[in-house]
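Working notes for the structure below.
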Amino acid sequence: MVQTSLFGDDPKPVETEENMPLAGRMRPRTFDDFAGQKHLIGEGRILRNMIEQDRVTSMIFWGPPGVGKTTLATIIANYTKAEFVQYSAVTGGAKEVKEIMAAAEKRRVLGRRTILFVDEIHRFNKAQQDAFLPFVEKGSIILIGATTENPSFQVNSALLSRCKVFVLEGITADEMCSLIKRAATDPKGFPDLKVNIDDGIISAIAQYSNGDARTALNTLEAAVANCRPIDGAVTITKATLEQCISRRSLLYDRDGEEHYNIISALHKSMRNSDPDAAIYWLARMLDGGEDPCYIARRLIEFAGDDVGLADPNAQVMATSCFYACKNMGMPDCRYALAETVAYLALAPRSNSIAMAIDKALSDVRNMPAAPVPMHIRNAPTKLMKQLGYGKDYQYAEGTEEKITKMECLPESMKGTHYYEPGDKGNEVFYRKRLDAIRDWRAGKREDPPR
């Protein structure tokens, strides 16, 4: 294997720079040193077999930051006999892409393969991604893309269909601890320096990293740099580490997939009557910088969709919560949000209203627009009265029972039912009353409901 520059075919050996960050010095070159992803690169697993046999096909590595996407590309570079070209969608441009494709096409004609690794492939727009497609199709390049975003949304569907997607997971706490220990003791990590670090400090760094190996190694490197060497050794203490650890930023992207994953988790936790889980997911969103008004709008939707008339007060609380979020903002509105989330999680459930309006909308969109019955039309002019507008209208409030048998649906829809109350909360009463109203109008009972 040789790595090439972006601008030509001149071999460029892999070099290790003395001033390289710890994460770079400790980057694995073999599977034995790799932390995590055993479901992909464990013995006998598909990705490991493909790499070891040098039978790599176009693929996408999808996973959160610091889980080994670029490292896997480095391992592929070490195993393959093909030309390996590394390219970043962040810093590269159209000119460089054309030069890479032209060089790859020349190699293909000579029977040589080119593996192109594109980091942050989601940064390319769809038109830019299209430029790869013909070269992938005719085998000029084997494309390996790395992305933190869901490729279903961020990668051109035509290109995605020609790539195998491998999902990388966050590194577990135990795997992270092993990685940190190795970095602290391996001569490549801190040459000519002995690092004394106990298991408690290692565990604290692992927890802080939140599954991101790069964060863990950067934190370890900062802690070592913050210690004064004594006889060629440093000892990392809790106080030393606390100076290097700022407030942890949990994985949360307001514009990406994780945004939708967590709002879904909040919604489904409330639906499952689990206020503890719901408040946790709420806290994740707030800590990630989510707009509290967005959360409040989703709570209003939940109150209508999942609680409905089983507890009408849910809608009042959700609307009041939105008012608090809009006029107070964070951090003051967090109490209103938490209170509303807990209330909605414990409220009785009914989606009867949601089903009613959705069914009615479906009929409106798929059936001919039926005319409004003449007797319930307004008649503000003499001509309209002469045409029969409002004729035979029955004023319910003018009756002792406050209800009439007048039909309010179009003739073609007579007898159609949309709202069917459930058997929870206030809808127990609504069910009983609505059944009585329908029976009376159908002549199944003599006395009108009161």
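Here are a few things to note about the model shown:
- Inter-label distance, nm, simple model (7 Å from Cα along the C-beta direction), THR185/ALA436: 7.9 nm
- Residues in the stretch 326-346 reached by a label modelled at ASN313 [backbone nitrogen below 15 Å; 7 Å Cα→Cβ]: 339-346
- Here the gap between THR404 and ASP291, fully extended at 0.36 nm per residue and compared with their Cα-Cα distance, gives a gain of 35.9 nm.
- Shown is the FRET efficiency for ILE46 and LEU383, computed with R0 = 56 Å from the Cβ-Cβ distance and rounded to the nearest 0.05: 0.10.
- TYR260-GLU420 FRET efficiency (beta carbon distance; Förster radius 25 Å; 0.05 resolution): 0.20
- Anisotropy class of the stretch 41-165 from Cα gyration tensor, a/c 1.5 cut: oblate
- The label point for ALA360 and the one for VAL165, both projected 7 Å from the Cα toward the Cβ, are 3.9 nm apart.
- Gap separating the Cα centres of the stretch 152-223 and the stretch 345-405, nearest whole Å: 63 Å
- Based on the Stokes-Einstein relation at 37 °C and a viscosity of 0.692 mPa s, and on the Kirkwood radius from alpha carbon pairs, the stretch 337-450 is assigned a translational diffusion coefficient of 190 µm²/s.
- In terms of packing, defined here as the mean over residues of other Cβ atoms within 10 angstrom, the peptides 382-393, 320-331 line up highest first as 320-331, 382-393.
- Within the straight-line cut-off of under 24 Å between alpha carbons, the lysines reachable from LYS402 are LYS391, LYS414, LYS432, LYS444, sequence neighbours fewer than 8 places apart in one chain being disregarded.
- The relative contact order of the chain, computed from alpha carbon pairs under 8 Å that lie at least 6 residues apart in sequence, is 11 percent.
- If the Kirkwood radius is taken over C-alpha pairs of the stretch 30-71, then at 37 °C and 0.692 mPa s the Stokes-Einstein diffusion coefficient equals 297 µm²/s.
- Those lysines that a straight Cα-Cα span of less than 19 Å connects to LYS81, excepting residues fewer than 8 apart in one chain: LYS12, LYS106
- The slack in the chain from ASN226 to SER203, taken as 0.36 nm per residue of separation less the alpha-carbon distance, amounts to 6.4 nm.
- GLU137-MET20 FRET efficiency (beta carbon distance; Förster radius 41 Å; 0.05 resolution): 0.65
- Rounded accessible area of ASP291 (nearest 10 Å², 1.4 Å probe): 60 Å²
- Calculated [θ] (222 nm, deg cm²/dmol) that DSSP helices of n ≥ 4 give over the chain, each run adding -39,500 (n - 2.57): -13500 deg cm²/dmol
- Percent antiparallel among DSSP beta bridges (both partners in the chain, rounded to 5): 10 percent
- Dividing the alpha-carbon radius of gyration of the stretch 179-233 by the rule-of-thumb value 2.2 N^0.38 Å gives 1.07.
- Cα Rg, Dmax (largest Cα-Cα span) when computed across the chain, Å: 32.4, 108
- Gyration tensor analysis over the Cα atoms of the stretch 105-206 returns equivalent ellipsoid semi-axes of 40, 19, 10 Å (largest first, whole Å).
- Exposed loop positions in the chain were taken to be GluC sites (Glu not before Pro) whose DSSP state is not H, G, I, E or B and which have at most 16 other beta-carbon atoms within 10 angstrom. Between these positions, the longest stretch is 170-399.
The values are calculated or read from the model by the stated rules, or taken from the named source; none is laboratory data. What you are looking at is a predicted structure, and each value in this text was computed from that prediction instead of being measured. Cβ coordinates were reconstructed from backbone atoms using ideal geometry, including for glycine residues, and neighbour counts include every protein chain displayed. Ligands, DNA and RNA are excluded from the accessible area calculation, which covers all protein heavy atoms including side chains. Shrake-Rupley method; radii C 1.70, N 1.55, O 1.52, S 1.80 Å.
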